[in-house]
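Here is the structure we will look at.
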Amino acid sequence: MVFSVRTFNNINQIGLKELGNKFQIDGDQAVNPDAFIIRSENLHGVAFPENLKAIARAGAGTNNIPIEEATAHGIVVFNTPGANANAVKEAVLASILLSARDYIKATAWTNTLSGDDVPKQVEAGKKQFAGTEITGKTLGVIGLGAIGARIANDARRLGMNVLGYDPYVSVETAWSISSHVKRVDDLKEIFTQSDYITVHVPLNDSTRELLNVEAFSMMKKGTTIINFARGELVHHQDLFDAIATGVVGHYITDFGTEDLLNKPHITVFPHVGGSTEEAELNCAVAAGQTIRRFMETGEITNSVNFPNMHQSLSTPFRITLINKNVPNMVAKISTAVSSLNINIDNILNRSKGDYAYTMLDLDEADKEKIMALAAQFEADENIVKVRIIERGK
């Protein structure tokens with residue numbers, strides 16, 4: 001079996017080789033692909049092909065994908081958390097240093113000079129760009145995931161005092177965070193104590209416009225805000241008011257909108273925080289590996305809409321089901337299997353929200369019986385997607 005993959009944007013070709021020889025990259029010529037691999041392509045409003053089973057985002061954010069719609073169609077959506085974490089970390093640390101010394105404005109000023117006495121002009125005007133050092137200053141990190149944890153650790157190594165806030169930090173990430181990083185349980189501590197604040201949380205209803213007039217009202221005069229996560233995390237008018245009063249000394253973001261451009265104390269980068277050669281390769285490799293594993297085995301790793309599912313395949317056939325999370329589904333599945341006198345070698349069922357994913361390993365070599373079982377599942381109104389996976393095929 002050969003799987004068709006449609007790619008959007010410029011996906012690193014070396015990374016795509018991770019798919020192996022069972023996959024055909026059809027690009028925009030794909031008629032009814034099994035999988036999408038995308039970067040920034042906006043899929044909102046795009047009709048999903050009938051055969052589509054998976055979407056892999058070569059990056060962490062998935063706001064460009066209609067997650068609920070994909071889930072309702074039985075499409076598993078993956079991302080690649082951590083693949084570009086180092087790139088974003090370096091961009092944030094560079095932004096802290098640029099802000100402290102105002103190198104961007106200093107360079108622009110220097111390039112306006114002319115004449116034989118440029119050295120004298122430089123000496124006369126350089127005091128306005130003296131800036132400050134970051135050693136001893138306090139950095140508040142909101143969100144201690146793959147990116148935030150790295151920033152916290154390296155900022156501490158640069159001599160900063162670091163406060164970290166994340167009520168949902170994973171155990172694995174928690175172990176990686178330096179003991180010198182102070183974990184706080186209340187965002188107020190971040191807002192009131194920090195000289196620099198960097199935000200690294202997903203965009204959802206609870207985080208939208210997280211940095212607003214209430215947050216700004218608690219901050220020190222001259223606080224630098226760095227946002228390489230999502231533009232909508234900041235209420236722009238409240239930000240402009242905070243800049244006007246001197247509360248926010250500098251806002252640095254990777255998400256440009258027209259209202260942010262050409263304003264004093266605001267630096268806008270063209271969304272390149274995670275766009276290094278190394279990060280793009282890492283993201284493509286991770287996306288390719290994720291799609292390959294899912295398509296060949298049905299296993300799920302790093303999905304944003306379904307739980308992680310890992311189970312070694314040792315039987316002739318595996319059936320995977322995406323079903324509505326309603327009572328007695330496992331019992332109905334088992335009954336359907338027994339009605340055809342098929343033995344269940346292993347079953348794994350986990351839910352996430354309104355839907356669940358089931359991996360059903362069957363000790364049965366008769367493909368006709370497997371096809372008949374799949375037909376029963378497809379007739380069930382609560383089962384959205386059925387796949388038959390044959391070991392070794």
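Go through (1) open to solvent by 30 Å² or more (accessible area, probe 1.4 Å); (2) outside any loop (DSSP other than H, G, I, E, B); (3) under 23 Å from N12 (Cβ atoms); (4) not aliphatic (A, V, I, L, M) one by one and return the number of the condition P81 breaks.
Here P81 meets the rest and fails (2).
Would it be correct to say that G164 is surrounded by 15 or more Cβ atoms within 10 Å (Cβ to Cβ), without any contact (Cβ under 8 Å) to a residue 40 or more places away in the chain and of a type in the set (G, A, S)?
The answer is yes for G164.
Among I197, I147, I151, which is within 20 Å of V88 (Cα to Cα), outside any loop (DSSP other than H, G, I, E, B) and modelled with pLDDT under 95?
I147
Scanning for something outside any helix (DSSP H, G or I), surrounded by fewer than 21 Cβ atoms within 10 Å (Cβ to Cβ) and modelled with pLDDT under 90, does segment 50-69 turn up at least one residue?
yes
Name the single residue, out of those in segment 275-298 being in contact (Cβ under 8 Å) with a residue 24 or more places away in the chain and of a type in the set (D, E), that is farthest from E69 (Cα to Cα).
Looking at the filtered set, the residue picked out is E278.
Looking at V171 and the list (1) more than 30 Å from R350 (Cβ to Cβ); (2) open to solvent by 50 Å² or more (accessible area, probe 1.4 Å); (3) not small (G, A, S), which single condition is not satisfied?
(1)
Take E368 and decide whether it is open to solvent by 50 Å² or more (accessible area, probe 1.4 Å) and not in a strand (DSSP E or B).
Criteria met by E368.
What pairs come up if the first residue lies in segment 231-243 and is under 18 Å from D205 (Cβ atoms) and open to solvent by 40 Å² or more (accessible area, probe 1.4 Å), the second is of a type in the set (K, R) and assigned to a loop (DSSP other than H, G, I, E, B), and their beta carbons are under 7 Å apart, counting only those six or more places apart or on different chains?
Close Cβ pairs (under 7 Å, with a partner that is of a type in the set (K, R) and assigned to a loop (DSSP other than H, G, I, E, B)) amount to E232/R208.
The values are calculated or read from the model by the stated rules, or taken from the named source; none is laboratory data. Note that this is a predicted model, so its numbers are computed, not measured. Cβ: placed from backbone, ideal geometry, glycine included. Neighbour counts: every protein chain shown. What goes into the accessible areas is simple: the full protein's heavy atoms, side chains included, and nothing from ligands, DNA or RNA. Shrake-Rupley method; radii C 1.70, N 1.55, O 1.52, S 1.80 Å.
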